[in-house]
Structures are given as structure tokens and as C-alpha cells.
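The values are calculated or read from the model by the stated rules, or taken from the named source; none is laboratory data. Every value quoted in this text rests on a predicted model; they were computed, and no experiment measured them. Glycine also receives a Cβ, built like all others from the backbone with ideal geometry; neighbour counts cover every protein chain displayed. Each accessible area value is taken on the protein alone, full model and side chains, heavy atoms only, with ligands, DNA and RNA left out. Shrake-Rupley method; radii C 1.70, N 1.55, O 1.52, S 1.80 Å.
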Amino acid sequence: MGSLRGGGGGGGSGGGGGMDEEAARIPTVDAEEACALLSAATHLQYLDVRMWEDFDKGHVAGARNVPYYLSVTPHGKEKNPHFVEQVSALYPQDQHMIVGCRSGIRSKLATADLLSAGFKNVRNLEGGYLSLLRSANQAAPPPPPGTNRLPN
């Protein structure tokens, strides 16, 4: 896949409660398939919807960052009111995209919003960036003791 950069990100998972029928219809891709697609496809984009500070801690190489939430506090989450507009400024509605966050919850909400706005080829990364890190670590040979598996 386009190489991963940095650590496991940070921040909490966004998102709401249980699965409803709409959430069950969100197109998804698992980490293994995402790794293969990102490695092979030049037309495929990775949209990271974590907050900026989490994106800066580590992300998929070549990823674009449009936060779905502007802040997450013990008092609640502030959704980015311009999320769809900002994504639309970066990508046409027929762009093939994988949408990811830390754990896959926020990106499922973001994917649903993009589909509702007319994007046609978006898929949620099941398990989020953490699942990509696990997949990359399982696929790589063991690193020498005391070193990081992922390039910076």
C-alpha cells in the first residue's frame, strides 16, 4: 500500500450508537483489501477524516485530511459543518476513495454523508487506520529489536 507514516494516530473514535439499516449498507473495505488496492491503484484516494493533530501523528502516504469532527470533548463532538463542501473541493463525485479514521466509526459516518451528497465510489475502511497498521505489521518481516516497523 502507499506506505504508512508515523504511529497509530490518536484521538478517540467518533460516531454514534448502534447499527441501523442505512449504516449496514455503507460500502466497506477491510484493511487487507485496502492495502492491496492502495498499492495497485493510482486512481484511488485515501481520505483521512481524523482531526488534524491525529493525522499529523501518522497517516497513509498520500492521504488527504478533511476532519469530520472539529473537536471532541467530554461534553460532546463538534461536527465539521463544511465537511462535504471541503471534500467536494478536493475530489469529483466520481472519485474512487477509501475513507478512514482511527477505528472505522467516524469514517462510516463520513462515508454515509458523502454518499448522501452524491459521491458514488466511496468505501469505509473497516477498523480504520489502526486496522491498516495491524495489517501492515502482520505482512512485514519482523524488525530488528528496538526499531519501528513503519517508516517515518
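The one condition from (1) modelled with pLDDT under 95; (2) within 23 Å of Arg25 (Cβ to Cβ); (3) in a strand (DSSP E or B) that Asn124 does not meet is (1). Looking only at segment 42-77, residues that are outside any helix (DSSP H, G or I) and either surrounded by 12 or more Cβ atoms within 10 Å (Cβ to Cβ) or among the basic types (Lys, Arg) (or both) come to 24 in all. Residues considered: Phe119, Phe55, Phe83. Of these, the only one that is farther than 23 Å from Arg25 by Cα and at pLDDT 95 or above is Phe55.
Screening segment 132-152 for residues that are modelled with pLDDT of 85 or more and touching a strand residue (DSSP E or B) at 6+ places or on another chain (Cβ under 7 Å) and picking the one that is least open to solvent (accessible area, probe 1.4 Å) gives Leu132. The set of residues from segment 88-118 being open to solvent by less than 10 Å² (accessible area, probe 1.4 Å) and over 19 Å from Leu38 (Cα atoms) comprises Arg106, Ala110, Leu114.
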